[in-house]
Amino acid sequence: MEPEGSIDLYWIPLGAGAHVVRASGRLYEWAAATLGRRRRCELYHAALVVSLPEGRYAIEQAPVPDADGRARGVVATGPVGVRAAGRLRLFRYEVRCWLDGTIPDLDAARSSPVRVADGADRARRAIAVLPSVPTPTWGRDEFHTGEMWNSNSVVAWVLARSGVDVEAVTPPPNGRAPGWGAGVRIARSAAGPGGVAATTAERRGRPRR
């Protein structure tokens, strides 16, 4: 019998369907690998699908395409690159909790979906914590965690604050999820039941409102 609720994680190759993003990601990983004296890895963008009796919620961080955020279930927004530029839509990101919504390039995900939690209570908690997700500047380390804040940070934060065992979560083989550790560390720093230990995925790679 299918559970009344579940949380599935998807690992989407960075830049799937967007050549510029893929090229810049490869350049970033080349520089990071060279500085770290390690082999290069594939970079991934994490997204979640939370299933409940009323439908499936698509959860991810994404660029802001227009002003109709309500239609996409937007629960939070933040600046990109430079906080002062966040007044312009081009330099803002949004965090979506979109009932029966879509996630671009989900069909390109690898080693996915990964079932990270079963049960309506855990699934509803993920939905409940989302409006309080931190929104530091994308691509910056404003919380001094040692790595940038990005879409992986949002997913890691949601899972950790929902009580999911993030220690067991890892990217696909030879993969990295830059920003994941930032989400975990910030979730740990907040009071409440979501605090967790550093994760295996965090150790595998580095990359307010």
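How about segment 31-122: which GluC sites (Glu not before Pro) there are in a DSSP loop, with at most 14 other Cβ atoms within 10 Å of their Cβ?
Working: sites: Glu42, Glu54, Glu60, Glu94; in loops: Glu54.
In loop regions of segment 31-122 (DSSP not H, G, I, E or B), the sparsely surrounded GluC sites (Glu not before Pro) are Glu54.
At 0.36 nm per residue, and after removing the present C-alpha to C-alpha distance, how many nm does the segment from Asp100 to Arg56 gain when stretched out fully? Kindly include the intermediate steps, with their values, before the conclusion.
On the way: separation 44, 0.36 × 44 = 15.84 nm, distance 0.50 nm.
Using 0.36 nm per residue and subtracting the Cα-Cα distance, I get 15.3 nm.
Tell me the net charge near Glu54. Cut-off is 14 Å between Cβ atoms, Glu54 excluded, with +1 for each Lys or Arg and -1 for each Asp or Glu.
Working: positive: Arg56, Arg124; negative: Glu4, Asp100.
With Lys, Arg at +1 and Asp, Glu at -1, the neighbours total 0.
All other residues with a Cβ under 13 Å from the Cβ of Val82 taken together, and with Lys, Arg as +1 and Asp, Glu as -1, what is their net charge? Each step should come with its number before you reach the end.
Values: positive: Arg83, Arg87, Arg92, Arg140; negative: Glu142.
In short, +3.
For His45, list long-range residues whose amide hydrogen, built 1.01 Å from N in the peptide plane, is under 5 Å from its own amide hydrogen.
Ile12, Leu14
So what are the ³J(HN,Hα) numbers for segment 181-186, from phi and the Karplus equation (6.51, -1.76, 1.60; θ = phi - 60°), rounded to whole Hz, Gly and Pro as x?
x, 4, x, 5, 5, 5
Can you compute 3J(HN,Hα) from phi for each residue in segment 53-58, using the Karplus curve 6.51 cos²θ - 1.76 cosθ + 1.60 with θ = phi - 60°, rounded to whole Hz and x for Gly and Pro?
Going residue by residue, I get x, 7, x, 10, 9, 8 Hz, with x marking Gly and Pro.
Bear in mind that the values in this text are calculations on the coordinates, not laboratory data. Given the structure is predicted, the values throughout are model-derived calculations rather than measurements. Because the Cβ atoms are built from the backbone with ideal geometry, glycine has one as well, and the counts that use them run over all protein chains shown.
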